[in-house]
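The values are calculated or read from the model by the stated rules, or taken from the named source; none is laboratory data. Computed from a predicted model, the values in this text were never measured in an experiment. As a convention, Cβ positions derive from the backbone with ideal geometry for all residues, glycine included, and neighbour counts pool all protein chains shown. To get the accessible areas, we keep the full protein, side chains included, count just its heavy atoms, and leave off ligands, DNA and RNA. Shrake-Rupley method; radii C 1.70, N 1.55, O 1.52, S 1.80 Å.
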Amino acid sequence: MARAFLVVLDSVGIGGAPDAGAYYNKDLPDLGANTVAHIAQACAEKRAEEGRRGGLHLPTLDAMGLGAAVRLASGQPAPGLDAVPAGLWGAAVEVSAGKDTPSGHWELAGLPVPWDWGYFPEEGAAFDADLVAHVAQAAGVSGILGNCHASGTSIIAELGAEHLRTGLPICYTSADSVFQIAAHEAHFGLERLLKLCADIAPYLHARRVGRVIARPFVGSPDAGFERTTNRRDYSIKPPAPILTDWVQAAGGRVHAIGKIGDIFSMQGIDTLEKGSDQALMRHLANAVQSAEDGSLTFANFVEFDSLYGHRRDVAGYARALEWFDREITGILAQLRPGDLMVLTADHGNDPSWPGTDHTREQVPVLVAGAGSGCIGTVGFVDIAASVAAHLGVPSEGPGRSFLP
């Protein structure tokens, strides 16, 4: 029987979203943003030499069609990504009104977001008095710190010492539909932070805020503060069956790797493996060796986005892409006859772009195990339909399979 592996390279966009002009970073629309092309251009011009050297080297992803997908989506040059694709490849466009993680993943799983997300104002206090009071009461404290749009690493550097002194949680948001709480694992307590986020999530979800995120950190004012890998997302559950449900309903098992369990609130998921991207790659390799016939393995590699995109670290992003290319090469070689692996993304996060938010872009669709050729421009939902078709599972979404 067939198996399927759907792998999301978080934020690895390829430019060219037709509605990019309606999305902004600071005061600049996302028109022209292109995560892969701009990284490749910076590498070719020796502007991304920290920890690496020379042009962007992605022989496996390029052979699968990455460079061709960039050219299809945006027409922009991606120096060094000039291979003639040997696999099935194309680009995908999102229709949901958001450039955030849940919107992209829900749609990749076959369900465009059916409502407008709730967002917080950028000027003045981000959170109203009722919300602040609700969080404070749930935490058993007198108030909160932050109450603004902020970078997660910057705000713990700015408010970490005050957090230790007062015991108040650090609450902040971003351009996404998200409410984030940062707290020290030892002084505030990791389990206390997770319980706080779980307790307030229904209140935020009722406002159509997509995620409440626990952002634990460690450290001290003298040594500095650092976020840990114990992040936890409390997301709104999809309001209709998605790809994971379709597979389970047909008798298949679903294995989640990385953020997938959090993004879908474990809807339709049998097992979950988490950790750093290095650990997640080992979990993916293990899944290729051991996943059952008829199963779906759904993986997200988040560090492109969290460590390099938001921090506007071009060289770091290039290093991460080159690492992924080296690692996925061996995993692809282990696929069995009848296996399908789709490599894609959920949005962009161009590290050369102003601001610190995601960028509205098309994403690559690189397919191993389904022949070769160009599928052209498809929808995110078509990826779910194609995975379902490969597994022989009825598709309940609006997508259409692009498999030959």
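Before moving on, here are some points about what is shown:
- If you wrap the tightest convex hull around every Cα atom of region 1-52 and split its volume per residue, you get 160 Å³.
- Between 0 and 90 degrees, the angle of helix 314-333 with respect to the longest Cα principal axis of the chain falls at about 50 degrees.
- If R0 is taken as 30 Å, the Cβ-Cβ distance between Arg53 and Leu31 corresponds to a FRET efficiency of 0.40.
- The alpha-carbon atoms of the chain, seen along their principal axes, cover 61, 51, 37 angstrom, with the largest extent given first.
- Per the Debye formula on identical point scatterers at the alpha carbon atoms of region 309-353, with no solvent, log10 I(q)/I(0) at q = 0.33 Å⁻¹ is -1.16.
- For Glu122, the shell of other residues with beta-carbons less than 14 Å away shows a net charge of -3, using +1 for Lys and Arg and -1 for Asp and Glu.
- Using the Cβ-Cβ distance between Ala125 and His187 with R0 set to 30 Å, the FRET efficiency from 1/(1 + (r/R0)^6) comes to roughly 0.75.
- Number of Lys-Lys pairs in the chain with C-alpha atoms under 24 Å apart and a separation of 8 or more places or on different chains: 10.
- Average accessible surface area per residue within region 232-343, 1.4 Å rolling probe, Å²: 35 Å²
- Just the protein heavy atoms count here, and of the accessible area of the chain at 1.4 Å, carbon and sulfur take up 51 percent.
- Using only alpha-carbon positions in region 270-404, the gyration tensor eigenvalues give semi-axes of 26, 20, 14 Å once each is multiplied by 5 and square-rooted (largest first).
- Working from label points 7 Å from Cα in the Cα-to-Cβ sense, the His134 to Asp19 distance is 2.7 nm.
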